[in-house]
Amino acid sequence: MNLDHTLIALADSTRRAILQRLSRGEARVTELAAPFDISLNSVSKHIRILERAKLVRRRVSGREHFLTFNPAPMESAVEWMERHRIFWTGRLDALEAALRAEDAVAAAKEKSTHSSSRRSKK
């Protein structure tokens, strides 16, 4: 899996719409192109990007080209994102704890300073 290819493929709303349609089952290229107000050539370019990302598979039967959705690259991207989410959540939680501890120390020092200055005035 090439994560960059997957994310690039998913970055476009037309390609996401094509994948949405293919998630319901196999379709001809011409069927996929029908709902879009763009040329068949433009839809073919979008499909090539999806194929490069391995998000779709092509089956040729005579002159007909059929496409199916391949979820594996998307699942790999989700796994990558989840690993990084867990990592960064842990790091940010640790940072938050360190900052809260630092604030608590500063507050304790300030309280101590106020208490000793009041005692020395008496």
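Exactly one residue among V29, V56, V105 is at pLDDT 95 or above and of a type in the set (A, V, I, L, M), and that residue is V56. Condition (residue is in contact (Cβ under 8 Å) with a residue 12 or more places away in the chain and among the polar types (S, T, N, Q)) applied to segment 46-66: is it met by at least one residue? Scanning segment 46-66 turns up no residue that is in contact (Cβ under 8 Å) with a residue 12 or more places away in the chain and among the polar types (S, T, N, Q). In this structure, does E26 turn out to be among the acidic types (D, E), farther than 13 Å from N70 by Cα and either out of contact with any Pro (no Cβ under 6 Å at 6 or more places or on another chain) or surrounded by 13 or more Cβ atoms within 10 Å (Cβ to Cβ) (or both)? Criteria not met by E26. On the stretch given as segment 29-43, residues that are aliphatic (A, V, I, L, M), surrounded by fewer than 16 Cβ atoms within 10 Å (Cβ to Cβ) and part of a helix (DSSP H, G or I) total 1.
Taking into account only those residues within segment 62-88 that are among the β-branched types (V, I, T) and part of a helix (DSSP H, G or I), which is nearest to I49 (Cα to Cα)? Reasoning before the result, please.
Let us first name the residues in segment 62-88 that are among the β-branched types (V, I, T), namely 68, 78, 86.
With the extra rule that they be part of a helix (DSSP H, G or I), the set shrinks to 78, 86.
Values: V78: 19, I86: 30 Å.
Ranking the qualifying residues of segment 62-88, first place goes to V78.
On the given criteria, is L67 modelled with pLDDT of 95 or more and either closer than 30 Å to G25 by Cα or hydroxyl-bearing (S, T, Y) (or both)?
Numbers: modelled with pLDDT of 95 or more: yes; either closer than 30 Å to G25 by Cα or hydroxyl-bearing (S, T, Y) (or both): yes.
Against the criterion (modelled with pLDDT of 95 or more and either closer than 30 Å to G25 by Cα or hydroxyl-bearing (S, T, Y) (or both)), L67 qualifies.
The values are calculated or read from the model by the stated rules, or taken from the named source; none is laboratory data. In this text, all values refer to a predicted model and were calculated from it rather than measured experimentally. Neighbour counts run over all protein chains shown; Cβ positions are idealised from the backbone, glycine included.
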